[in-house]
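Reading through the structure tokens given below for one structure.
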Amino acid sequence: MKKIFTPTIDFSKVDTLIYHLPDGPTLSVNMHSFEELFDLEMEIGEVCDTSEIDGVVHFFPKGNA
């Protein structure tokens, strides 16, 4: 069963967003000035939020998760 609603990410604790692109490359974004540009809840894919541990959120778009 697919999750419809995901828990809200507290971007005040996120230092880096790592966007895993298809075929392996990643895009790393420093979130200190870009948190208002990203709304991962509207994206289709999987989120791995380790911001409580190391300040990083990983996003795997659908087809790459």
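The values are calculated or read from the model by the stated rules, or taken from the named source; none is laboratory data. Predicted, not measured: the structure shown is a model, and the values here were computed from it. Every residue, glycine as well, gets a Cβ built from its backbone with ideal geometry; the counts of neighbours run over all protein chains shown. Calculation scope for accessible area: heavy atoms of the full protein, side chains included, ligands and nucleic acids excluded. Shrake-Rupley method; radii C 1.70, N 1.55, O 1.52, S 1.80 Å.
Going by the structure shown, is Phe38 at pLDDT below 80, open to solvent by less than 80 Å² (accessible area, probe 1.4 Å) and out of contact with any Ser or Thr (no Cβ under 6 Å at 6 or more places or on another chain)?
Working: at pLDDT below 80: yes; open to solvent by less than 80 Å² (accessible area, probe 1.4 Å): yes; out of contact with any Ser or Thr (no Cβ under 6 Å at 6 or more places or on another chain): yes.
Yes; evaluated as a whole, the condition is true for this residue.
Return the pair list, or none, for Cβ contacts closer than 6 Å from residues in the range 49-62 that are touching a residue at least 12 places away in the same chain (Cβ under 8 Å) to residues that are in a helix (DSSP H, G or I) and buried (at least 16 other Cβ atoms within 10 Å of the Cβ), at least 6 apart or on different chains.
Listed pairs, sorted by first residue: Val57/Ser51; Phe59/Leu40.
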